[in-house]
Every structure is written in structure tokens, then in C-alpha cells.
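What follows is a single structure, written as C-alpha cells, with notes after it.
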Amino acid sequence: MSNNQESWGSRLGLILAMAGNAVGLGNFLRFPVQAIQNGGGAFIIPYLVCFLLMGIPLLWVEWATGRFGGKKGNHSTPFILHELDPGRAIWKYIGVFGIFTNIAVAAYYCYLESWTLNYVWMFIQGSFNGMGQEGVADYFGSYISLSGSSTAIYFWLLCLFLNTYILSRGLSGGVEKAAKVGMPMLLLFGLFLAYKGITLKGGEFGAILDGTVGLNYLWTPNFDTIWNTKVWLAAAGQIFFTLSVGMGSIQCYAAYVRSKQDIALNAMSAGWMNEFVEVVLGSSILIPIAIGYLGVDRVVELTQSGGLGLGFKTLPYLFTQWGPLMGAVAGICWFGLLFFAGITSSLAMGTPVMAFLRDEFGWKRGPSAWTFGLIILILGAPTVFFFNEGVFDEYDYWAGTVSLVVFAFFEVILFAWVFGMDRGWKEINEGADMRIPVFFRWVIQYVTPVILLAVLLASIPDILSKIQNPGNVYIVGARLLLLTLYAGIGYAVYVAYRRRVTNGGKAIHNK
């Protein structure tokens, strides 16, 4: 058994870290856009149904799976899954997704995260004052294309360094401390901006409509969309984005939970904290402010290209209408909020990689963290230098979308049907501080797998279309990199397993 002695310092730190893992940029940039595009207030119905029938069950499965593996000295998904069914080798290689996805997503996510740091600095300097809406939009375009400046590279490297340094400080000394600072700051900034958005008055500071107009538009239900399968798929996809399920990071965090410590209430607490941030704060900032200044029709048009444009090209200009001081405060809060949301998520992506290196190869904390940073630097470089050629989006599709669903489907099948629902239900409830309705036992075993299978089957036409039409050489290269990454991790798992065989079936000693 590995002597990996990492642990959480407190229950609050664990919940904040888990919530930070879930709360990411998508809560503020993706969710409100998804709601507008899929029926407004009506979207919340399929969204909450998917949360209750897929999100919460997957949280319990991943927390229980992680804690069970941690009891056996395993802290990464290849051997956590193997522990649930030791007789079949296939589960180790399904578990590779739990390392692959974190590396591949972190490779582009850290670049996106670094944009927020740059924008904080821009607002501190007052650089957007007097720039004009087209000027702000042009700045964003030139920034991500690296045209005329190496600023984006500097902030990207700074972001990589911050992530790696915090990871090198360990679970309680690094990740937990970052969550205890980042999550309260995120909530404070979010509440301030939500207040400003909702109380925005037409005729003041150049606004043409009250902020409540945008809020009302966002949540006005269009019930005609309820029976549209695309809306339900969008809701299921948003649940994956918002809860970080199907990645392997939750299992890793839970593997460091004490054997008798509650996971039922902890999982619920982290999940509902994320929902508060997304549904309450996420819907009260971007859309109300944008509609207040631009009107409904213009914002609906802008949402067709997603939330990045609204968040990085439109909102910075609108903040400057509030005057130099208040505009700077709002800009720092908005991009500071996005930064804290991003870094608490990206730190969770590094932990499973470090756990694997420490458990299986005896690496110390520092070298494993800096190795992760080096891998992200190399794998992320194409997303930085070839952003406009679609490499960023390609990573996001295969690692940040397809892999999540595939892994989640197989892990719930393993947990409910191979490990067995009797053992699984007992594991979820062991040490629980709440009584879970027995209804969820049947949901985990029958309903959640069916939903995941439906999402997978519905995705097949799009997957086949992308395979048949690979696009430019940069996209082909991105796919080859991702395949090589998966194969490389698979080989490392094979080597680790052979080492365990020679070591009596246990992970090697780790100091």
C-alpha cells in the first residue's frame, strides 16, 4: 500500500475544495447563455431534473468510489476503479480517462484562466477607459491571436506557475488554502456584481433598460422547448460542465477522506453550493448588465457565439460606463471572480496526476507537481499558439465533452452493476450525516445509466461527423496529441500494474 500521507485539514476545507473544483468559468460564462438559448426559465426544469437524476447520483458514486479506493491506498482512477473489480484488467484502462481528461482539459483551461489575470491587470491600470466598445473587442481578438504582443504568453506562464506552485504545497497546505481564500472571494465578488446587475437603472450611466429587464428575460419560460431533445441534451451537458463529474478529480479528492467520514452530506453540500453560484449568481451578472445596455435583441444575437465574447469583449466596455473608479472595481471583481473560479478547478485537475505519480512511482510531492506543470506547458502550447486554427476547441470537445460522458457511463455501470448496488449503497451511506432516500438507490442503478447512455447515443452523429471531416492540419495534429497522451498514460498504468505484481499487489512505498 502507498504511504501517501496527504489528507484534508478540515471538513470545511474539503467542501470548499470540492465546490471550487465544480465552480468554474462555465458557471458564469456558459450557463446564462445556455438558458437563453434553450427556453429561458423553462430550461431550469430539464436542468434540475438532470441535476437530481444524474448530477447528484454521480456525485455520490464518485465520492463513494474515491473513498473506497482511498481505504486501499489508491488515489487515482486507474487503480480506484481496479479496486472495485480486481479480476478484470479493463477497468484500469477505463480509469485512464480520469488522468487523461484532467491533463488535456488543464492544457487549455489554464490558458483561458490566464486571460482573467490579464484583464484584472488591465482594469488596475485603467487601460480600458476611453477605449470604446470596438477597441475592447479588438483588444480581445489581438490578445488571443498573439498579434503584436507577447503579453498573453507571459500571463499564461504566470498562471501555470501559480497552479504548479500551489500544487507543490500539497493538499492541505496548498489546494485547501487556495479554496479557503478563493471561494469566499468568489462569493463576495459575485454578490457585489449581482447586486449591481439587478439594481442597474435605465437612464443611469448610459444604460437603456433596468437590470431586472434582463433578469426577467433570462427567466421568462418558453415551455415550447420542454419536449425538445436538444434542450435536454444541453441541460445534461451543462450538468457535466458545472459539477466536474466524469473527470476523476472528485474521486481523487474523496480518496483522501477518512474511511468513516461522511460523504453523503458533503457531496450534497458541494453540489448545492455550486448550484447557488451558477443559478443565482451566474444568472444575475452577465445577462442583466448586457441587456441593460444593449437591449434584448442585441444580446440574443451575441449569445449565439457563446459566453466568451460577452464576458471578455462586451462586459469590460460596459463596466467603464460606471466611471473610472467603480468601473475598475467592477472589472477587478468580475475577472477576479472568474480567476478564482478557474484556479480552484484547475488545481483539482493536477491532483489526480500527482496522486498517480506518488502512489505508483514513489515520487515526492514537489517533483510530481512540477512534472504536471511541465506536461501542461508542452501540451498546452498548441492551444496558445494555434488558438485561431481550432486547437483550443478541439481539446475542449474531445477531452472536455466526449471523455466526460464516456467515463461517467462506465464508472456508474461498474459501481452499480459490477461492484454491486448492495455494496455501493452501503459505501455511500457509511458514516453518513444524512439519510439518503432509498429512491436514489434505484436512480443510480437504473435511471442514471440510461440518461448517460442516451447522451452518448445522441452524441454519435456529431462524433462521426467530426471524424469524417477532420478539418485543417492543426486539428489533425491536436487529435494525434490527445491519442498519444491517452496511450502514454495507458502504458504508464500498465508499467505501474507490473510493478504492483512484483510488489505483492500493492503500490510502492512513497515518502
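Add +1 for every Lys or Arg and -1 for every Asp or Glu among the other residues with Cβ under 15 Å from the Cβ of Phe97, and state the total. Local charge sum for Phe97: -1. Converting phi to 3J(HN,Hα) with the Karplus coefficients 6.51, -1.76 and 1.60 and the offset θ = phi - 60°, segment 151-163 yields 4, 4, 5, 4, 5, 4, 5, 5, 5, 4, 5, 4, 4 Hz in sequence order, with x at every glycine or proline.
For segment 82-186, the pair-distance distribution built from all alpha carbon pairs, in bins 10 Å wide starting at 0, is 12, 29, 28, 19, 8, 4, 0 percent. The stretch between Val450 and Met131, if pulled fully straight at 0.36 nm per residue, gains 109.7 nm over its current Cα-Cα span. Mean residue ellipticity, 222 nm, helices only, the chain: the sum of -39500 (n - 2.57) across DSSP H runs of n ≥ 4, divided by residue count and rounded to 500, is -22000 deg cm²/dmol. Measuring against 28 Å, Cα to Cα, the residue pairs Lys72/Lys177; Lys177/Lys364; Lys201/Lys230; Lys92/Lys426; Lys180/Lys230 contain Lys201/Lys230; Lys180/Lys230 as the ones spanning a longer distance. Length gained on full extension, Phe276 to Ser465: 64.4 nm, using 0.36 nm per residue less the C-alpha separation.
Computed from Cα atoms, the angle from the helix 324-361 axis to the main principal axis of the chain rounds to 10 degrees. Each residue of segment 479-491 was assigned a 3J(HN,Hα) from its phi angle through the Karplus expression (A = 6.51, B = -1.76, C = 1.60, θ = phi - 60°), giving 5, 5, 4, 5, 5, 5, 4, 4, 5, x, 5, x, 5 Hz with x at Gly and Pro.
For the chain, the residue among Met354, Leu318, Trp156 whose Cα projects farthest onto the positive side of the dipole built from Cβ charges is Met354. What is the angle, in °, between the Cα long axis of helix 448-468 and the longest principal axis of the Cα atoms in the chain? Nearest 10 is fine, range 0 to 90. The helix 448-468 is inclined about 70 degrees to the chain.
Annotation: the residues Leu456, Leu374, Leu14, sorted from fewest to most other C-beta atoms within 10 Å of their own C-beta, follow the order Leu374, Leu456, Leu14. To the nearest ten degrees, helix 365-385 and the longest principal axis of the Cα atoms of the chain are 50 degrees apart.
Toward the positive end of the charge dipole of segment 9-102, with +1 on the Cβ of Lys and Arg and -1 on the Cβ of Asp and Glu, the farthest Cα among Ala42, Leu58, Leu16 is that of Leu16. About its Cα centre, the chain has a charge dipole of approximately 1720 debye under the convention of +1 per Lys or Arg Cβ and -1 per Asp or Glu Cβ, with nothing else charged. Between the listed residues Phe386, Val213, Phe223, the Cα displaced farthest toward the positive end of the dipole of segment 11-502, a dipole computed from Cβ unit charges relative to the Cα centre, is found at Phe386.
Excluding Glu176 itself, what net charge comes from residues whose Cβ is under 12 Å from its Cβ, given Lys and Arg +1 and Asp and Glu -1? Local net charge: +3. Across segment 11-502, the relative contact order, built from alpha-carbon pairs under 8 Å that are at least six residues apart, equals 33 percent. Eigenvalues of the alpha-carbon gyration tensor of segment 225-335, scaled by 5 and square-rooted, set the equivalent ellipsoid semi-axes at 34, 21, 11 angstrom, largest first. Restricting the calculation to Cα atoms, the chain shows an Rg/Rh of 0.96 when the hydrodynamic-style radius is the Kirkwood one.
Relative protection proxy for 154-162, 176-184, 429-437, from highest mean packing down: 176-184, 154-162, 429-437 (other beta-carbon atoms within 10 angstrom).
Would you tally the net charge around Tyr474, using a Cβ to Cβ cut-off of less than 13 Å, leaving Tyr474 out, and scoring K and R as +1, D and E as -1? Result for the local shell: -2.
Taking square-rooted eigenvalues a ≥ b ≥ c of the alpha carbon gyration tensor, is segment 355-430 rounded, prolate or oblate, where a/c under 1.5 means rounded and, failing that, a/b exceeding b/c means prolate?
Judged from the Cα gyration tensor, segment 355-430 comes out oblate (a/c at least 1.5, b/c at or above a/b).
Values quoted throughout were computed directly from the atomic coordinates according to the rules given, and no laboratory measurement underlies them. Everything quoted here is computed from the prediction, not taken from an experiment. Using ideal geometry, Cβ is built from the backbone for each residue, glycine included, and neighbour counts are taken over all protein chains shown.
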